[in-house]
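I have placed the structure first, in the form of structure tokens, so that the comments after it can refer back to it.
The values are calculated or read from the model by the stated rules, or taken from the named source; none is laboratory data. Predicted, not measured: the structure shown is a model, and the values here were computed from it. Cβ atoms come from the backbone with ideal geometry, glycine included; neighbour counts cover every protein chain shown.
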Amino acid sequence: MHPPLLQNRTLLLLLTIVTLAFGTILWPLNGAIFWGVVLAILFSPLHRRLQRRMPRRRNLAAFVTLCICLVIVILPMALIGLSLVQEASVAYERVRSGQLNYGAYLQQMLAALPAWVLELLDRFHLTSMAELQARLTAFGAQASQFLATKALDLGQNTLQFVVSFGVMLYLLFFLLRDGRALAARIREAIPLDAEHKDQLAQKFTTVIRATVKGNIVVAASQGALGGLIFWLLDIQGPVMWGVLMAFLSLLPAVGASLIWGPVAIYFLATGATGQAAILTAYGIGVIGLVDNLLRPLLVGKDTKMPDYVVLISTLGGMALFGLTGFVIGPVIAALFMATWGLFAPAGDSHSSQK
């Protein structure tokens, strides 16, 4: 007989090896798996309601939930994506042909600025028209080319996208149907106290639901409102700018203003004071109000994390993981705080102070 210590170490080594091997196999589909898990967590309350109405038809309840997810989430995103691709391609062609010249816009703006502003800009070497025009035109071309290239890459990698999309839907169906049993098995296998496991599991699901629902609601609201005002002001490419505002709104406090702010400055500098006033008032009073009201209510309140932690974890997550980082970052931060909270509960510090 082998010693128990050797058996335990061998078992742990074997468990580590097979887990790493399985993770390596799944890594090429990490995005599909991640969003399948996220959507399953988001739509599990709806699935439970449907299953209570049809307790003996588990497959049908999961299929109906999957169809609702397609209609509510995936279909609108696909339609917006198609519109974004079209507008980005048109903008890129206009930049290439010279019809859209960001340097000319900058020249108009500098010509309308007061002398003291030009002197201030000159101190920072920001009034060299040739250099600024070249940089701004190059930036606009690169931005439009980036969007057009991503759209082209998506078309060329259609097979990979279809496979990933199919895997996500396939996984989502079975997670909806068997997710509770699978979660119970995973929870049972984790070598922690039942109370600690419940706290971590609750924190995990709560943060995912809060970050996804809260950020998506804020992003969709700000993107739609921003695209609407750009359309009303007859600004080229309202859908593209609206999508960019929605994407940047994932950054708390400053997100959407990075788009409408420079446009308002351009209007003001070129003498379109009415449009500048309307866009500024709308950006601060409507688009900004959505961020200030909805984000703390939908994200900060449920996650019970300080705003600065949400901001830093969101930025760091997106820098490391890309778009999915706006979920992964706050989840890791919340689990970090919850895990350390198991060792140093908040109540202990207060009791020790007393």
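Answer yes if at least one residue in the stretch 278-294 is on the phi > 0 side of the Ramachandran plot and surrounded by fewer than 16 Cβ atoms within 10 Å (Cβ to Cβ), and no otherwise.
No.
Every residue, every condition in (1) under 30 Å from Thr280 (Cβ atoms); (2) part of a helix (DSSP H, G or I); (3) touching a strand residue (DSSP E or B) at 6+ places or on another chain (Cβ under 6 Å), yes or no:
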| site | (1), (2), (3) |
| --- | --- |
| Leu192 | no, no, no |
| Lys203 | no, yes, no |
| Arg209 | no, yes, no |
| Ile216 | yes, yes, no |
| Ser221 | yes, yes, no |
| Gly226 | yes, yes, no |
| Ile229 | yes, yes, no |
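Does Gly31 count as out of contact with any helix residue (DSSP H, G or I) (no Cβ under 6 Å at 6 or more places or on another chain) and of a type in the set (Gly, Ala, Ser)?
For Gly31, the condition - out of contact with any helix residue (DSSP H, G or I) (no Cβ under 6 Å at 6 or more places or on another chain) and of a type in the set (Gly, Ala, Ser) - is met.
Considering Thr19, Thr65, which residue is more than 26 Å from Phe247 (Cα to Cα) and in contact with a His (Cβ under 7 Å, 6 or more places away or on another chain)?
Values: Thr19 fails: in contact with a His (Cβ under 7 Å, 6 or more places away or on another chain).
Exactly one residue qualifies, and that residue is Thr65.
Can you name every one of the helices (runs of 4 or more DSSP H) wholly within the stretch 247-354 that holds 1 or more residues which are modelled with pLDDT of 75 or more? First the steps, then the outcome.
Working: elements: 257-269, 273-282, 288-295, 307-321, 325-343, 346-353.
Once the helices (runs of 4 or more DSSP H) in the stretch 247-354 are filtered for at least 1 residues that are modelled with pLDDT of 75 or more, what remains is 257-269, 273-282, 288-295, 307-321, 325-343.
Is it fair to say Gly214 is surrounded by 21 or more Cβ atoms within 10 Å (Cβ to Cβ) and without any contact (Cβ under 8 Å) to a residue 40 or more places away in the chain?
Values: surrounded by 21 or more Cβ atoms within 10 Å (Cβ to Cβ): yes; without any contact (Cβ under 8 Å) to a residue 40 or more places away in the chain: no.
Answer is no for this residue.
Under 9 Å by Cβ, and 6 or more places apart or on different chains, what pairs join a residue from the stretch 220-234 that is within 14 Å of Gly255 (Cα to Cα) with one that is among the β-branched types (Val, Ile, Thr) and outside any helix (DSSP H, G or I)?
Between residues of the stretch 220-234 that are within 14 Å of Gly255 (Cα to Cα) and residues that are among the β-branched types (Val, Ile, Thr) and outside any helix (DSSP H, G or I), there is no close pair.
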